[in-house]
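The values are calculated or read from the model by the stated rules, or taken from the named source; none is laboratory data. Bear in mind that the values here come from a model prediction, so they are computed numbers and not experimental data. Cβ sites come from the backbone with ideal geometry, for glycine too, and all protein chains shown count toward neighbours.
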Ligand code: ADP
Ligand code: MG
């Protein structure tokens, strides 16, 4: 088998399962091999039921006490059964596995392994694996890969397919030149791919990961080097004059720009009038007020007779920005439009026409902006908001919609400067490091789950005082439908725990964009008091009346991401609070979370994240999501990033055509990072 072959060549993958694999983006053998586990199951020892704590994996040996029961909720079939060991009982729950009913017999002992979760205040085991004594003995101490799944595709099916592919494919052709491998002490691609799926132990897993992370950074740096070469100091077609309207807007704002906002705006304005194409990154912590800089820059562009576009990562944020822009630009004579994926085909066609005919000056949109059908008449400025949610390629796709427009990139992830220079090497950087005046710093609290009842009391008081609350449920099982179920369950439980007048709603990734928008609008309009959500609300949402952010299982998130979540509160004049709930009070977890307790400074937190997360910490912790790396995490893998940068800079001076001829396999790897046109 060759790595480019279709996965249909793999034993056991038929027409039906092929479709499921395709859904996960896996079409070829190579894509299958590069579909890395999202985490590993490490099989520990049998523990007493009493040792279970919320959010943690546990293995217990228990006896079935009552006949299992099957209930149906939406499209989920839920099996529940009660088990007991010597002194405690616990309920086990399985989703969409009704056959479990027949497998279980009263009075028999089973070894169950699953994650403990809380439901209505009681702990239950989620989707536990049922193991025989022999299976348990064979698995103890091993690491088993766990993959992100899609409905209908089992983890085991992926394991089998990967094993087959590893055995039957020739993987000896390594695209990383041997001299680089030996200089940076990297294992071969074949070894790495095999070990990332089936590591013998932790060390092997770390070595494999290091090689694959190196690859990601290396190709990213090579691609970036090319961008830098093509863009550096390019002459601009859009030389802009001073903007009267922008000045008026600045003067009529209900607040004064901070000094940091002022200098970011000055730098932006000067870039756009300089005669060179602007390539600028605005980096500022959540809530530092980046949006207004985008508004001013787009207004200046429009007044100069050009079009401007701003791309944001979610529909909810696009709708919110659209509203903000309309409000701020009312009466200016500038026409603003919205383009998002959830609009009907007819609505979209209408907007496409308005964009093409220059009936719109400023367009706010999601990824829908980089669709083929979007054509601008004279695109002078492109802005990407929350850049850390986009890839370089997406940013470039928007740029390529115009002919060398100015580019403004905004990111809320405070990256230590040393890393920012590497990652955003081709951009000039403005930093907004001052918060608007009158903000009270968010008060923080790290709490164990036994504090939950008190937290609810506090939430009740805040609602009585007229404020609003976010509660974040983590994704526990790696499946969107179960995640949705968790959020719904949690909201149900909250209905019972909070006084009846409190309006509770929930939000999760499986909802349709229009539904999500409606909920967010209702929350923004204070028709909802408490919003239970997954991390879909993480990005950019602005509801200044929200004063409490409570994060369940906060130990499962990276510090940078927790800081982003916390940034949803503390946006108005009232005192805000962030409650980090954790089911795990080990020293490492507490040390990590205490960083958030003691600081509200995103740059400091990023530095600490860098220090506290060693190469072995990647099990079960969410990635920070910076840029679009598959495995690599800029905080955790900062040292590998430096090495990859060093390796890539040897190639930077080399002509890319020559490089691709000399290292032909490199070219294939580079393509996904670039826009084709440049190679
Ligand atoms: P972010 O940098 O996270 O994108 P936003 O642009 O959404 O932040 O701004 C957060 C809030 O702060 C908004 O409600 C905005 O109107 C307000 N704001 C922005 N700049 C200032 C300022 N200089 N003084 C007071 N409030 C401001
Ligand atoms: Mg923002």
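Looking across 460, 433, one residue alone is within 16 Å of ligand 2 (Cβ to nearest atom) and either more than 24 Å from residue 644 (Cβ to Cβ) or touching a helix residue (DSSP H, G or I) at 6+ places or on another chain (Cβ under 6 Å) (or both). It is 433. Looking only at segment 316-349, count every residue that is within 22 Å of residue 373 (Cα to Cα), free of Cβ contacts under 8 Å to residues at least 60 places away in the same chain and either within 14 Å of ligand 1 (Cβ to nearest atom) or surrounded by 14 or more Cβ atoms within 10 Å (Cβ to Cβ) (or both) and tell me the total. Counting residues in segment 316-349 that are within 22 Å of residue 373 (Cα to Cα), free of Cβ contacts under 8 Å to residues at least 60 places away in the same chain and either within 14 Å of ligand 1 (Cβ to nearest atom) or surrounded by 14 or more Cβ atoms within 10 Å (Cβ to Cβ) (or both) gives 9. Can you tell me which residue is farthest from residue 609 (Cα to Cα) among those in segment 396-430 that are within 15 Å of ligand 2 (Cβ to nearest atom) and not in a loop (DSSP other than H, G, I, E, B)? Ranking the candidates gives 408 first.
Kindly indicate whether any position in segment 520-533 is within 16 Å of ligand 2 (Cβ to nearest atom), touching a residue at least 12 places away in the same chain (Cβ under 8 Å) and crowded, with 18+ Cβ neighbours inside 10 Å. Yes, there is a match, as at least one residue in segment 520-533 is within 16 Å of ligand 2 (Cβ to nearest atom), touching a residue at least 12 places away in the same chain (Cβ under 8 Å) and crowded, with 18+ Cβ neighbours inside 10 Å. Restricting attention to segment 354-395 and to residues that are in a loop (DSSP other than H, G, I, E, B) and within 16 Å of ligand 1 (Cβ to nearest atom), the residue that is modelled with the highest pLDDT turns out to be 385. Checking the structure you have, find out if any residue of segment 472-481 is modelled with pLDDT of 90 or more and closer than 20 Å to residue 115 by Cβ. Within segment 472-481 (the criterion being modelled with pLDDT of 90 or more and closer than 20 Å to residue 115 by Cβ), the answer is yes, since at least one residue qualifies. Under the condition of being closer than 23 Å to residue 16 by Cβ and assigned to a loop (DSSP other than H, G, I, E, B), the residues counted in segment 135-154 number 8. With the condition kept exactly as written, say whether any residue in segment 646-658 is part of a helix (DSSP H, G or I), at pLDDT below 85 and touching a strand residue (DSSP E or B) at 6+ places or on another chain (Cβ under 7 Å). Within segment 646-658 (the criterion being part of a helix (DSSP H, G or I), at pLDDT below 85 and touching a strand residue (DSSP E or B) at 6+ places or on another chain (Cβ under 7 Å)), the answer is no, since none of the residues qualifies.
Rundown of residues vs (1) surrounded by fewer than 16 Cβ atoms within 10 Å (Cβ to Cβ); (2) touching a residue at least 40 places away in the same chain (Cβ under 8 Å); (3) within 25 Å of residue 148 (Cα to Cα), yes/no style:
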{"position": "13", "(1), (2), (3)": "no, yes, yes"}
{"position": "21", "(1), (2), (3)": "no, yes, yes"}
{"position": "33", "(1), (2), (3)": "no, yes, yes"}
{"position": "48", "(1), (2), (3)": "yes, yes, no"}
{"position": "55", "(1), (2), (3)": "no, yes, yes"}
{"position": "71", "(1), (2), (3)": "yes, no, no"}
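When residue 59 is tested against (1) in contact with a helix residue (DSSP H, G or I) (Cβ under 9 Å, 6 or more places away or on another chain); (2) in a loop (DSSP other than H, G, I, E, B); (3) at pLDDT 90 or above, only condition (2) is not met. Against the list (1) modelled with pLDDT under 90; (2) more than 16 Å from ligand 2 (Cβ to nearest atom); (3) farther than 21 Å from residue 219 by Cβ; (4) assigned by TED's automatic domain parsing to the domain that holds residue 308, the condition residue 347 fails is (1). The residue that is farthest from ligand 2 (Cβ to nearest atom), counting only those in segment 263-303 that are more than 26 Å from residue 607 (Cα to Cα) and part of a loop (DSSP other than H, G, I, E, B), is 275.
Would you mind listing the helices (runs of 4 or more DSSP H) fully within segment 158-262 where at least 1 residues are surrounded by fewer than 15 Cβ atoms within 10 Å (Cβ to Cβ)? Hits in segment 158-262: 178-183, 202-231, 244-252. Looking across segment 73-90, the residues that are surrounded by 14 or more Cβ atoms within 10 Å (Cβ to Cβ) and in a loop (DSSP other than H, G, I, E, B) come down to 85, 88.
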